[in-house]
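Values in this text are rule-based calculations from the coordinates and carry no lab data. Keep in mind it's a predicted model, so treat the numbers as computed, not measured. Virtual Cβ from ideal backbone geometry, glycine too; neighbours counted across all protein chains shown.
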């Protein structure tokens, strides 16, 4: 299987982050160009590009996480710190599958190249 997918886990709620808006950009001629806009499903997942749509190059994912935490009324001592989480990465093998999970709380996040 090839392509580009993502998955958001809300560490405060201990489950998926549904309904989060995500934008995908590709770097063309030195400038970021938006190519996809999606929203996570009820499992916090989103398919961004199918196999043949993935090309070698630089990509940027933007996750609009602030609205998710405001809507979920995350239990915290103060308003959330994060509004948009941006992750830039490079695709070197367009025939491989790229999965970019986001583990997030109102105050921090982690990501990795998943499978």
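By how many nm would the segment from residue 29 to residue 88 lengthen if fully extended, with 0.36 nm per residue of separation less the alpha-carbon distance? Walk me through the intermediate numbers first.
Numbers: separation 59, 0.36 × 59 = 21.24 nm, distance 1.61 nm.
Full extension of this stretch gives 19.6 nm more.
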Open item on the list: So for the chain, averaging the separation of alpha carbon pairs under 8 Å that are six or more residues apart and normalising by length, what relative contact order in percent results?
Closed with: 33
Task: Label-point separation in nm, residue 38 to residue 103, each point 7 Å along Cα→Cβ - done: 2.2
Task: Estimated Rh, region 28-106: Kirkwood, alpha-carbon pairs, angstrom - done: 14.6
Open item on the list: Could you identify which residue out of 30, 51, 14 has the top mean-square fluctuation in a GNM of the chain using Cα springs shorter than 10 Å?
Closed with: 30
Open item on the list: Suppose we keep just the DSSP beta bridges with both residues in the chain; what percent of those would be antiparallel, to 5?
Closed with: 80
Task: Residue of 65, 22, 87 that the Gaussian network model of the chain assigns the largest fluctuation, springs spanning Cα pairs under 10 Å - done: 87
- [ ] State, to one decimal in nm, how far the label point of residue 73 lies from the label point of residue 95, with both points 7 Å from Cα in the Cβ direction.
- [x] 5.3
